[in-house]
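Heads up, the thing below is written out as structure tokens.
The values are calculated or read from the model by the stated rules, or taken from the named source; none is laboratory data. All values reported here derive from a predicted model rather than from experimental measurement. With ideal geometry, Cβ positions are generated from the backbone for all residues, glycine too; neighbour counts draw on all protein chains shown. Accessible surface areas use protein heavy atoms only, side chains included; no ligands, DNA or RNA. Shrake-Rupley method; radii C 1.70, N 1.55, O 1.52, S 1.80 Å.
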Amino acid sequence: MNNRNDASRRRFLEFLVGSPLFPYVAIPGAAFGQRSLAWGADGPPAPGADIFAAAQALNVFDLEEVARKNLPRAHFAYLATGVEADATIRANREGFAKFQIRARRLVDTSRVDASVKLFGTTWPTPIVLAPVSSLRAFHPDGDIAVARAARARNHLLVLSTLATASVEDVIAARGAPVWFQLYPTADWNITRALVKRAEAAGCPVVAITVDNPTSAGRETAARGRRLDSRDCSTCHSTEPGGFYRRKPMFDGIDTTKLTSTLTAHLTWDFVHRLQDITSMKIVLKGIVTAEDATLALSHGVNGLIVSNHGGRGEESARSTIEALPEVIEVIGGKIPVLIDSGFRRGTDVFKALALGANAVCVGRPYAWGLAAFGQAGVDRSLEILKAELDITMRSMGTPTVQSITHGFVQRV
């Protein structure tokens with residue numbers, strides 16, 4: 001009987017390894033021949049196996065598993081997808097293992113202060129909610145639930161151009177200004193309208209996405225759509241500009257001729273044009289090299305987000321945590337540098353802070369929480385990440401974010 005079970009397990013694993021969704025399938029350690037004395041021969045339960053309420057989640061991966069169960073296949077695949085073989089998504093996670101934390105002892109960490117300052121505003125945590133589009137695909141309350149969770153724990157929130165709630169409604173739900181992420185369009189009049197609306201609503205910062213020139217090659221998303229038998233024509237209109245008419249930020253804008261918000265047409269001239277029409281701080285989201293960081297300084301940019309779009313914009317197979325040091329070296333503290341892509345643990349956040357980042361943006365973890373339990377799930381994802389960061393700061397001898405210096409991390 002045991003031989004038959006082992007053979008079945010091997011066949012199942014062979015099937016999973018060949019699946020395009022393999023990087024997102026959580027498998028207990030026992031499946032790879034690892035055994036735990038605490039759990040016996042079968043190993044521990046898979047993450048999220050017995051989670052029925054947000055408070056029961058022990059880490060953000062628990063929320064991911066509940067989200068996987070709750071969402072239609074196409075929606076989860078859209079959330080999970082990278083480009084082609086998803087190598088950049090894997091690299092974003094594997095990159096953290098290339099850095100070790102050097103713990104210091106005999107430091108009073110009975111009180112931990114994780115606050116940071118960005119453009120004159122102090123936040124109690126360096127964990128920022130990254131822009132995620134189409135959040136109502138994961139829960140009916142979408143961006144409003146996320147904004148309310150951000151308000152409850154006082155996190156900075158960055159709103160996507162393709163949000164499913166207006167910037168005005170999100171700011172009202174957040175109870176404070178949010179940053180606005182801009183997908184530039186090829187139509188300057190549309191871009192200008194989006195920027196002016198965000199500025200009028202009170203957004204102090206516009207973060208221009210510069211790392212998403214194409215949506216081609218997203219094989220995991222395509223395979224997920226094939227597995228989904230629902231009629232999706234109501235939400236995914238084929239009429240010219242129909243997709244954008246369903247996005248509140250495009251209310252009152254003629255989108256008939258708008259076919260894409262991708263960034264293949266962008267040059268530094270676009271940054272200058274934007275500087276001429278807005279008083280908002282301008283942050284570039286997607287800078288991953290010293291060369292472009294140097295250019296950003298020369299062109300008067302106010303801040304950077306080191307990002308590869310969570311692995312969705314390129315198949316470089318290079319993690320953002322590995323790209324961060326060269327950007328930090330060039331910037332030299334002249335402007336704020338944030339980072340995103342692949343952050344799942346408090347130790348991940350700590351490593352980025354030690355390498356010089358001013359703050360860390362997370363996207364998928366709170367989207368998993370939203371899909372799993374609505375606002376309560378978003379709240380739990382933020383609670384977990386903040387608690388893990390606090391634990392790491394205490395364990396490593398760093399009572400403040402300012403005390404997390406480069407000496408606390410080493411490259412393996």
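Structure above, values below:
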{"read-out": "Complete set of residues in the range 196-224 that are closer than 18 Å to Ala172 by Cβ and touching an Asp or Glu at 6+ places or on another chain (Cβ under 6 Å)", "value": "Ala201"}
{"read-out": "Hey, Gly363 of a type outside the set (Val, Ile, Thr), touching a residue at least 40 places away in the same chain (Cβ under 8 Å) and open to solvent by less than 10 Å² (accessible area, probe 1.4 Å) or not", "value": "no"}
{"read-out": "Complete set of residues in the range 316-339 that are closer than 24 Å to Thr400 by Cα, open to solvent by 10 Å² or more (accessible area, probe 1.4 Å) and either touching a Gly at 6+ places or on another chain (Cβ under 9 Å) or touching a residue at least 40 places away in the same chain (Cβ under 8 Å) (or both)", "value": "Glu322, Pro325, Ile328, Glu329, Gly333, Ile335, Pro336"}
{"read-out": "Condition met for Leu370 (open to solvent by less than 20 Å² (accessible area, probe 1.4 Å) and either farther than 27 Å from Ser160 by Cα or in contact with a strand residue (DSSP E or B) (Cβ under 7 Å, 6 or more places away or on another chain) (or both))", "value": "no"}
{"read-out": "Filter result (open to solvent by less than 40 Å² (accessible area, probe 1.4 Å) and in a helix (DSSP H, G or I)) within the range 255-308", "value": "Phe270, Val271, Leu274, Ile277, Ala290, Ala293, Ala296"}
{"read-out": "Complete set of residues in the range 99-157 that are assigned to a loop (DSSP other than H, G, I, E, B) and among the β-branched types (Val, Ile, Thr)", "value": "Val107, Thr109, Val112, Thr125, Val132"}
{"read-out": "Sole exception among (1) touching a residue at least 60 places away in the same chain (Cβ under 8 Å); (2) open to solvent by 70 Å² or more (accessible area, probe 1.4 Å); (3) out of contact with any Gly (no Cβ under 8 Å at 6 or more places or on another chain); (4) not aromatic (Phe, Trp, Tyr) for Gly252, by number", "value": "(1)"}
{"read-out": "Leu129, sole failed condition from (1) over 16 Å from Leu338 (Cα atoms); (2) buried (at least 17 other Cβ atoms within 10 Å of the Cβ); (3) within 19 Å of the chain's Cα centre (by Cα)", "value": "(1)"}
{"read-out": "Odd one out for Asp141, checked against (1) crowded, with 19+ Cβ neighbours inside 10 Å; (2) within 15 Å of Asp251 (Cα to Cα)", "value": "(2)"}
{"read-out": "Which listed residue, of Leu162, Leu194, Leu182, Leu135, is touching a residue at least 12 places away in the same chain (Cβ under 8 Å), surrounded by fewer than 21 Cβ atoms within 10 Å (Cβ to Cβ) and either in contact with a helix residue (DSSP H, G or I) (Cβ under 8 Å, 6 or more places away or on another chain) or within 26 Å of His265 (Cβ to Cβ) (or both)", "value": "Leu162"}
{"read-out": "Answer from Gly356, Gly342, Gly363 - the residue that is within 17 Å of Leu156 (Cα to Cα), at pLDDT 95 or above and not aliphatic (A, V, I, L, M)", "value": "Gly363"}
